[in-house]
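Participant: Quick one: this structure, given as structure tokens, is what I'll be asking you about.
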Amino acid sequence: MRIEPILIVEDSKGRREIVLDGSVYSIGRDPKCDIRLSSQFVSRHHATLVQLPKDDDTFYYRIVDGNLKGKPSANGMLINGRKLQAHDLKNEDEIVFGPQARAIYYQLKRDSQSTLPPDEFDITLISPNMVEEGEEDSADLDDDTEI
């Protein structure tokens, strides 16, 4: 089973899902940001998401207010209702960047293989209503017959 981190972002332009698979994401209003937010309350470079390693060869994401150079955002951010400068994200954490601009972090557990067992009766049924007249005769053709 693998963990797939995602960020559900909501702002004035709607709701979208972002699969997190990179090492660093810039978040803000600036067109150059990796994750763009549409709100005048959001700074151009509001926050940064950084992927960090754990001891068990997995990783986690830390969100930091402002950009990587240490410049903080104008309004800061609330994480689970508390104003914080940085936070190691956990499943279902809510990040508020400003009015009408927020995100929820999820760690989805996904099977790396198919969740359905193989079906021993895996056949395609033909509906009589879907077959045109004369079409059922094509089943009698052998492999060498050209159509």
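The values are calculated or read from the model by the stated rules, or taken from the named source; none is laboratory data. In this text the structure is predicted, and so the values were computed from the model without any measurement. Reconstructed Cβ throughout: ideal geometry from the backbone, glycine too, with neighbour counts over all protein chains shown.
Participant: In segment 41-49, is there at least one residue being under 17 Å from the mean Cα position of the chain (by Cα), closer than 21 Å to ASP88 by Cα and without any contact (Cβ under 8 Å) to a residue 24 or more places away in the chain?
Facilitator: no
Participant: How many of the residues making up segment 82-100 are at pLDDT 95 or above and under 23 Å from the mean Cα position of the chain (by Cα)?
Facilitator: 12
Participant: Considering segment 1-27 alone, what residues qualify as being touching a residue at least 40 places away in the same chain (Cβ under 8 Å) and in contact with a Pro (Cβ under 8 Å, 6 or more places away or on another chain)?
Facilitator: Selection gives LEU20 alone.
Participant: Among (1) modelled with pLDDT of 95 or more; (2) under 14 Å from PHE97 (Cα atoms), there is one condition GLN51 misses while meeting the rest; what is its number?
Facilitator: (2)
Participant: While we're on this one: On the basis of being closer than 15 Å to ILE6 by Cα, part of a loop (DSSP other than H, G, I, E, B) and either without any contact (Cβ under 8 Å) to a residue 60 or more places away in the chain or touching a Phe, Trp or Tyr at 6+ places or on another chain (Cβ under 7 Å) (or both), does ASP30 make the cut?
Facilitator: no
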